[in-house]
There are 4 protein chains.
Amino acid sequence: MAKIKTIGIMTSGGDAPGMNAAIRAVTRAGISNGFNIKAIYRGYEGLINGEIKPFTTENVSGIIGMGGTILKTARSKEFPTDEGQQRAYETLVKEGIDALVVIGGNGSLTGAMEFARKFDICCIGLPGTIDNDLYGTDNTIGYDTTMNTIMECVDRIRDTAQSHERIFFVEVMGRDAGFLAQNSAIACGAEAAIIPEESTDVDQLAEFMKRGIRKSKKSCIVIVSESPKCGAMYYADRVKNEFPDYDVRVSILGHLQRGGTPTARDRILASRTGVGAIEAIMQGQRNIMVGVRNNEVVYVPLSEAIRSDKPFDKKLIKVLEELSI
Amino acid sequence: MAKIKTIGIMTSGGDAPGMNAAIRAVTRAGISNGFNIKAIYRGYEGLINGEIKPFTTENVSGIIGMGGTILKTARSKEFPTDEGQQRAYETLVKEGIDALVVIGGNGSLTGAMEFARKFDICCIGLPGTIDNDLYGTDNTIGYDTTMNTIMECVDRIRDTAQSHERIFFVEVMGRDAGFLAQNSAIACGAEAAIIPEESTDVDQLAEFMKRGIRKSKKSCIVIVSESPKCGAMYYADRVKNEFPDYDVRVSILGHLQRGGTPTARDRILASRTGVGAIEAIMQGQRNIMVGVRNNEVVYVPLSEAIRSDKPFDKKLIKVLEELSI
Amino acid sequence: MAKIKTIGIMTSGGDAPGMNAAIRAVTRAGISNGFNIKAIYRGYEGLINGEIKPFTTENVSGIIGMGGTILKTARSKEFPTDEGQQRAYETLVKEGIDALVVIGGNGSLTGAMEFARKFDICCIGLPGTIDNDLYGTDNTIGYDTTMNTIMECVDRIRDTAQSHERIFFVEVMGRDAGFLAQNSAIACGAEAAIIPEESTDVDQLAEFMKRGIRKSKKSCIVIVSESPKCGAMYYADRVKNEFPDYDVRVSILGHLQRGGTPTARDRILASRTGVGAIEAIMQGQRNIMVGVRNNEVVYVPLSEAIRSDKPFDKKLIKVLEELSI
Amino acid sequence: MAKIKTIGIMTSGGDAPGMNAAIRAVTRAGISNGFNIKAIYRGYEGLINGEIKPFTTENVSGIIGMGGTILKTARSKEFPTDEGQQRAYETLVKEGIDALVVIGGNGSLTGAMEFARKFDICCIGLPGTIDNDLYGTDNTIGYDTTMNTIMECVDRIRDTAQSHERIFFVEVMGRDAGFLAQNSAIACGAEAAIIPEESTDVDQLAEFMKRGIRKSKKSCIVIVSESPKCGAMYYADRVKNEFPDYDVRVSILGHLQRGGTPTARDRILASRTGVGAIEAIMQGQRNIMVGVRNNEVVYVPLSEAIRSDKPFDKKLIKVLEELSI
């Protein structure tokens, strides 16, 4: 394996706050350590089409606090094909890119792993997704910001819920993982959370809500993890009849959960993993994701990182239950 | 007319940030000037049912920064009836309430006006609504906060819109008035606003959006004022075909627009009009709304305040157009 | 007077949030109406040294929400001299700039006025200062944001003040004007404000604070307008002896009051006055400041705008007094 | 040891955001598990003077998002004395309090430990301090919020620093620990941090700053951890001469760092440790602090928790250095 001189960097999949902080960290740590940095625009799409530009430290100046990604992002239809990957590889060769840093979620890192294997390239993943569903890192870049964004939104909704004595079902993002829903429910002081990791019995839920409302609470907030079939609307409809005196409402937070200036945590996580990506390359690591576990930077094989069974702490369910009395 | 000794205060209709600041102002200015203050809970509903409690300065301590209303609010079904109003009047007599301060929007002040006329009571309205649709005051309590909340949400959505190069239709509140949509569109740097005051030709809109996108912009945000028939979803569906390469998305901000800690403007407006309500009572004013116009506290007859033709500044349309190039 | 083709734009003096929104508005409205726009960096300093760059609509893309000024700002030592002004004029001629839009406060607009008179140039001022001390406009660009920033800071300080039952003197900006101090005091629910427009008797202040504390309040916040001699430290020292059981603390908010993303109001004010500046030029206006009064865009002669006697609404003092009981 | 029936709860020492969330969690989890809860006001001072009130779930309703502490806090002069502790113990006996939950920092938990040993009482500590200087827990309650507050303030200051091309020394809290300074410096993209864990050579610092400024950066921010002798003012004075063309400024963030609504992290940490405190009591634990380490709730002997050598991750210094080029 020849010495790595030029590192390509891209963001891919859904955007997440902190991606820019990660781009900055990879770029600056790379340059600090003597590498050339080339920015690849629009994820794998830009790799295929050669939308590439050399980056200096100035290109990433002032972006640490910006939401979204200055490199743009996309979900490429062509990259999963053999022809797409071949063209992407040719771009790398043509641009003299020896290693690739990919900031993204499950799908993006799966793509990186397959690409790396096929063409024997050094691919380093950074966990950039609001869903926190990557294995081997305590948190993903973007998760903390989105959790706080949800909390601020629900804090606002609670003002209305309490003033009007309403029941709200608030739908939040998270894909197949309930991290955002469960943790934001605790942070908001919500009465309940509906998450994919646990089956929810509508009758039990209604019973639980009624108990709280009978006591002294006159309003109620339930956080519901997004789901193609059983979102907030579904549960609201199912329990409405049980609460004839109440106004039952639904709020789907939607796209605003992705943006905004990243929190301190997300900026620090992005900075540490970004520096870690460069160190990994210098150490000869390949096809790993850089994460932070137990407050230490760790290298996780990409094949591990994309495992679908990131452990969910069931104790959080009890915490929410005991506090929502 | 006997001297007024006891003032009842209530919030009614949709909650708005700054209502608590207004409750505090009326209570403290009332007590400062020798009145007794009685808090009426749940709007007209509580007036009918006698949900009333004397207030001291401590009852309103620390509430200036809280969203919602500590007095709760409701839309009463009974109050519009003769019997409901009769019962409400009996409560007033029983509680010794000589004057009523009602914080609310169009419907609530209309109710106050009719009630005042029928029973010859002193009713003072404060403009408490996020929609800014009350005549005779430059701004209503809650409007500034909601405008900033919308702006923050759209700033977040823009991060995603730019990263993914998407077109977003964002639906905001405002009832029959486009103040929130038009002004927040300018504040967000949106590409266009769809408001009830202006008819929107879908073809022209699509043409306008295309021009911008063809130039250099790769994303686009259109703010749409809520409407039972022609909301954001309607317009998104109508223009989708015109943008085959783009991802067209809809975000309905919904209930989170009402809550949150009020801005400085809303707290000051609530404080000034709350003090103004007590002064109005001391001056023998009746059946007026207290507003602020040209930076002066003014008294507007309730019959004027609820007029439906609050002037909308058409120049703002041109401002948005020139800046969205 | 020849037809104006090219407009120069600069920011000068202390930075204020919303300056970027104004730069964007002038640039885009200018280009919308067929003008060339040239950006001048570092205020008058850059005009003297020729730090100038043509601007397109893209140069101002995405800046509406940014604090500070992308054009940088400075207080020039050379510009007040004859030689400095001569060199500045020569730059204008060389660059073909026919009109100058200056965004800044009192000093900057005074400079613009003198320069305009001396060389018979079209100078248009925009009121860019957090202090709100320009005559003829209800608000200046930056004032609303800073008022909200102060409010957020004092809301935080109050948490500590109440938890520890302390007395806080909080010093805020405003130069020779008490707008920020008086209005933020109302917005924060502070117990008192010390402003340059009113003389403050320390004994009376202490008496007033004691009365409040004796009643039920266990903490107290006094907002003090900055002053070279009599700032927060001065008043804290003077009243300390009167409150032996209390912890008296001082907080000087300082530079953080200037920055941050502008509020909706400031972005809209900047947008409207920026568009107004271009309209003024098209109408042949010269040496005026564009403001907004009674919600209408107005043109104020620069000589008027810099008058030092912008009226201060004394009724606000009574509002604060009645509400701090 | 008799069965524990009644639990006293108090906050002590400097207030920290999230203390209210912890009070709520202990109260609700306690009641959920059959205990009586008694609230002790003003820390040890209130324990000595018997300022105690029984709490129900309603007493803690709506406080999860509030900064400060509804139980007030104080630094007691009497408690460290034998007589003070004796009186405190007598209050416990009189009130029938069998176990004490103390939310506070180093000093407060030291007091709890000594008190527990002397009178053989069950004392449980919760880590409530913004400084993050308690051993055995990854984070303390309040730390995350304060880190974000500092970040927001410095983001604002940077707007001014860049607009005016200034050098800023920003002083932040942290007592003898540099966690806040070092981590917020990374989060803010500051150029350097001065922390108690590392000695700082002024000449080297100036050299480092000059290198950055010479390159392309025109402004510079240095975060300085508070220190009685060598705060931000000290370093600013020392390096001023080295930067004759620059405006060197100091900003001391001060008390506003303590307050504000807690972040999601702090609310969740407070909720988990609060529930953990009740579980610890049910398990017969005594004289431990409840923390969260590696995302698990842990019990740390109080004698360990107050050790002064919480490990500081030196790698963070390198992260900051590489990214501030």
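The values are calculated or read from the model by the stated rules, or taken from the named source; none is laboratory data. Not measured: the values here are computed from a predicted model. When we count neighbours, we look across all protein chains shown, and the Cβ atoms used for this are built from the backbone with ideal geometry, even at glycine.
Would you tally the residues in region B:243-301 being in contact with a His (Cβ under 8 Å, 6 or more places away or on another chain) and more than 24 Å from A:HIS164 (Cβ to Cβ)? Result for region B:243-301: 2. Among the residues making up region D:24-79, those that are buried (at least 19 other Cβ atoms within 10 Å of the Cβ), facing another protein chain (nearest Cβ under 9 Å) and among the hydroxyl-bearing types (Ser, Thr, Tyr) are D:THR57, D:THR69, D:THR73. Does C:ILE150 count as more than 19 Å from C:ALA25 (Cα to Cα) and assigned by TED's automatic domain parsing to the domain that holds C:GLN182? So C:ILE150 fits the description; yes. Among the residues making up region B:253-267, a single one is facing chain A (nearest Cβ under 7 Å) and basic (Lys, Arg): B:ARG258. Within the option set D:THR81, D:THR73, being in contact with a Ser or Thr (Cβ under 9 Å, 6 or more places away or on another chain) and either charged (D, E, K, R) or at negative phi (or both) holds for one residue only, D:THR73.
Of all the residues in region D:212-223, those that are within 12 Å of another protein chain (Cβ to nearest Cβ) and in a helix (DSSP H, G or I) number 2. Does C:ASP155 fit the bill of being outside the structural domain of C:ALA236 (by TED's automatic domain parsing), under 28 Å from B:ILE64 (Cβ atoms) and surrounded by fewer than 24 Cβ atoms within 10 Å (Cβ to Cβ)? No: the conditions fail for C:ASP155. In region B:193-202 there is no residue matching the filter, namely being at the interface with another protein chain (Cβ under 8 Å from one of its Cβ atoms) and assigned to a helix (DSSP H, G or I). A residue that is of a type outside the set (A, V, I, L, M) and under 26 Å from B:ILE130 (Cα atoms) occurs nowhere in region A:192-205. Restricting attention to region A:1-23 and to residues that are part of a helix (DSSP H, G or I) and of a type outside the set (Val, Ile, Thr), the residue that is farthest from the other protein chains (Cβ to nearest Cβ) turns out to be A:ALA22.
Yes/no matrix, rows are residues, columns are (1) within 25 Å of C:ILE252 (Cβ to Cβ); (2) surrounded by fewer than 23 Cβ atoms within 10 Å (Cβ to Cβ); (3) modelled with pLDDT of 95 or more; (4) within 12 Å of the chain's Cα centre (by Cα):
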site: C:GLU114; (1), (2), (3), (4): no, yes, yes, no
site: C:CYS123; (1), (2), (3), (4): no, no, yes, no
site: C:THR145; (1), (2), (3), (4): yes, no, yes, yes
site: C:MET151; (1), (2), (3), (4): yes, no, yes, no
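When A:TYR235 is tested against (1) within 14 Å of chain B (Cβ to nearest Cβ); (2) in contact with a strand residue (DSSP E or B) (Cβ under 6 Å, 6 or more places away or on another chain); (3) closer than 30 Å to D:THR57 by Cα, only condition (1) is not met. Taking C:SER184, is it within 18 Å of C:GLU321 (Cβ to Cβ), surrounded by fewer than 24 Cβ atoms within 10 Å (Cβ to Cβ) and either in the same structural domain as C:LEU253 (by TED's automatic domain parsing) or at pLDDT below 95 (or both)? The answer is no for C:SER184. Condition check: touching a helix residue (DSSP H, G or I) at 6+ places or on another chain (Cβ under 8 Å) and within 13 Å of A:ILE288 (Cα to Cα). Does A:ALA112 satisfy that? When the stated conditions are applied, A:ALA112 passes them. The set of residues in region D:300-325 being in contact with an Asp or Glu (Cβ under 8 Å, 6 or more places away or on another chain) and either crowded, with 16+ Cβ neighbours inside 10 Å or hydrophobic (A, V, I, L, M, F, W, C) (or both) consists of D:LYS310, D:PHE312, D:ILE317, D:SER324.
If I filter region D:136-174 down to residues being away from chain C (no Cβ under 11 Å) and without any contact (Cβ under 8 Å) to a residue 60 or more places away in the chain, which single residue comes out as farthest from D:CYS220 (Cα to Cα)? Result: D:GLY174.
A:VAL250 satisfies every condition listed in (1) surrounded by fewer than 23 Cβ atoms within 10 Å (Cβ to Cβ); (2) in a helix (DSSP H, G or I); (3) within 14 Å of chain B (Cβ to nearest Cβ) except (2). Please indicate, with yes or no, whether at least one residue in region A:286-300 is out of contact with any Gly (no Cβ under 8 Å at 6 or more places or on another chain), in contact (Cβ under 8 Å) with a residue 24 or more places away in the chain, more than 27 Å from D:ARG267 (Cβ to Cβ) and not hydroxyl-bearing (Ser, Thr, Tyr). Scanning region A:286-300 turns up at least one residue that is out of contact with any Gly (no Cβ under 8 Å at 6 or more places or on another chain), in contact (Cβ under 8 Å) with a residue 24 or more places away in the chain, more than 27 Å from D:ARG267 (Cβ to Cβ) and not hydroxyl-bearing (Ser, Thr, Tyr). Taking region B:273-325, which residues are within 30 Å of B:MET209 (Cβ to Cβ) and assigned to a helix (DSSP H, G or I)? Result: B:LYS315, B:LEU316, B:ILE317, B:LYS318, B:VAL319, B:LEU320, B:GLU321, B:GLU322, B:LEU323.
Matching residues to (1) under 29 Å from A:SER184 (Cα atoms); (2) modelled with pLDDT under 95:
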site: D:GLY276; (1), (2): yes, no
site: D:MET289; (1), (2): yes, no
site: D:VAL292; (1), (2): yes, no
site: D:ASN295; (1), (2): yes, yes
site: D:VAL298; (1), (2): yes, no
site: D:SER303; (1), (2): no, no
site: D:LEU316; (1), (2): yes, no
site: D:GLU322; (1), (2): no, yes
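Pairs meeting the criteria (first residue in region A:196-210 and surrounded by 14 or more Cβ atoms within 10 Å (Cβ to Cβ), second residue in a helix (DSSP H, G or I), beta carbons under 6 Å, at least 6 apart or on different chains) are A:VAL202/A:ARG238; A:ALA206/A:VAL239; A:ALA206/A:GLU242.
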